[in-house]
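The values are calculated or read from the model by the stated rules, or taken from the named source; none is laboratory data. Predicted model, so just to flag it, every value in this text is computed and none were measured. Cβ sites come from the backbone with ideal geometry, for glycine too, and all protein chains shown count toward neighbours. Please note that ligands, DNA and RNA were not included when accessible areas were found on the heavy atoms of the full protein model with its side chains. Shrake-Rupley method; radii C 1.70, N 1.55, O 1.52, S 1.80 Å.
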Amino acid sequence: MAHFSPEGLTVGKVVETEAYLGRHDPACHSARGPTARNAVMFGPAGFLYVYLIYGMYYCVNVTTDGAEVPAAVLLRALEPVAGVELMGQRRGTSHIRQLCRGPGRLARAMGIDRSLNGTSAVDGPVRFYPPLPGEARPDIVAAPRIGVREAVDWPLRFYIRDNPFVSRR
DNA sequence: TACTCGATTAACT
DNA sequence: GTTAATCGAGTAG
């Protein structure tokens, strides 16, 4: 993923995500119907759903499915690829492994806040790209989602095995 | 209009 | 290991 921001370009490889499945997933914000916050999930796939959590961090999601299935994928960790210096400025650390390790940290490092809620993940300032040509398919582990109280045993967290940038093992 | 608490993190002991 | 920070969406009254 990349963010073309006024401050500069930052790029990271997605190494950890969580799925939120929509109305029938009790941990999903859309489970109790549309609200002002989750409105983007009730639209088409491929748009950013950004919300404030714990009053101080942003979580970045990409909507999936169509308007009939209000689902999204949460980005939990990135491997920094470009713009590392800018990420460090935004995060106040130079330790590369800590820059994008966790949903709140990656949003901060990438300069993503609620002003980007509802923007396109294809055309917008924040964009997602397919794997590089010839890149080997990673070994992906499925595990329970972190920080949710509902549906604790649904294995909807996915991360690249042994990747040092994932938030937890 | 008021109250509760979260898809977290950093800074403590 | 524990807890404070910090705020607005969601819900109840």
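State, to one decimal in nm², a quarter of the convex hull surface area for the C-alpha atoms of region A:123-166, i.e. the direction-averaged projected area.
Values: hull surface 20.5 nm².
It is 5.1 nm².
So, for region A:29-169, what is the accessible surface per residue at a probe of 1.4 Å, expressed in square angstrom? Display every interim value, and only then the final one.
Numbers: 7760 Å² over 141 residues.
Ligands and nucleic acids excluded, the result is 55 Å² per residue.
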(Q) Can you compute 3J(HN,Hα) from phi for each residue in region A:118-134, using the Karplus curve 6.51 cos²θ - 1.76 cosθ + 1.60 with θ = phi - 60°, rounded to whole Hz and x for Gly and Pro? (A) x, 7, 6, 7, 10, 9, x, x, 10, 10, 10, 10, x, x, 5, x, x
Q) Amide H neighbours of A:Thr10 under 5 Å, counting only residues 5+ apart in sequence or on other chains, H built in-plane at 1.01 Å? A) A:His3, A:Ser5
Q. For region A:1-99, rounded, prolate or oblate, judged on the Cα gyration tensor with a ≥ b ≥ c (square roots of eigenvalues), a/c < 1.5 rounded, else prolate if a/b > b/c?
A. prolate
(Q) If I compute solvent accessible area with a 1.4 Å probe over the protein chains, what percent of it on chain A is carbon and sulfur? (A) 55 percent
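Counting pairs of Cα atoms in chain A, how many percent are more than 26 Å apart? Don't skip to the answer; put the middle values down first.
Working: 3471 of 14196 pairs.
Looking at chain A, the distances longer than 26 Å represent 24 percent of pairs.
Per-residue ellipticity at 222 nm for chain A, helices alone: DSSP H runs ≥ 4 residues times -39500 (n - 2.57), over residue total, nearest 500 deg cm²/dmol?
On the way: 3 runs with 20 residues, N = 169.
It comes out at -3000 deg cm²/dmol, rounded to the nearest 500.
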(Q) Please give the Cα centre distance for region A:107-160 versus region A:15-50, rounded to the nearest Å. (A) 13 Å
Q) What net charge do the residues around A:Tyr51 carry, taking every other residue with its C-beta under 9 Å from that of A:Tyr51, with Lys and Arg at +1 and Asp and Glu at -1? A) +2
Q. Hey, what do the phi angles of region A:79-87 turn into as Karplus ³J(HN,Hα) couplings, whole Hz, using 6.51/-1.76/1.60 and θ = phi - 60°, x for Gly and Pro?
A. 9, x, 10, 8, x, 4, 5, 5, 4
Q.
Quick query: amide H of A:Glu16 versus all other amide H atoms, modeled in the peptide plane; which residues come in under 5 Å with a sequence gap of 5 or more or a different chain?
A. A:Arg76, A:Ala77
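Which value, in debye to the nearest 20, describes the size of the charge dipole of chain A about its Cα centre when Lys and Arg Cβ atoms bear +1, Asp and Glu Cβ atoms bear -1, and nothing else is charged? Display every interim value, and only then the final one.
Details: 20 positive and 15 negative charges, 102 e Å.
The calculated dipole for chain A is roughly 500 debye.
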Q | Furthest towards positive pole of dipole, A:Ala72, A:Leu48, A:Gly92, structure part region A:45-103, Cβ charges | A | A:Gly92
Q: Name the long-range amide H neighbours of A:Leu156: under 5 Å, sequence gap of 5 or more, or other chain; modelled H, no Pro or chain starts.
A: A:Ala143, A:Arg145
**Q.** Taking N as its residue count, the alpha carbon Rg of region A:77-169 over 2.2 N^0.38 Å
**A.** 1.20
**Q.** Ranked by how many other beta carbons lie within 10 Å on average, peptides A:1-12, A:132-143 from highest
**A.** A:1-12, A:132-143
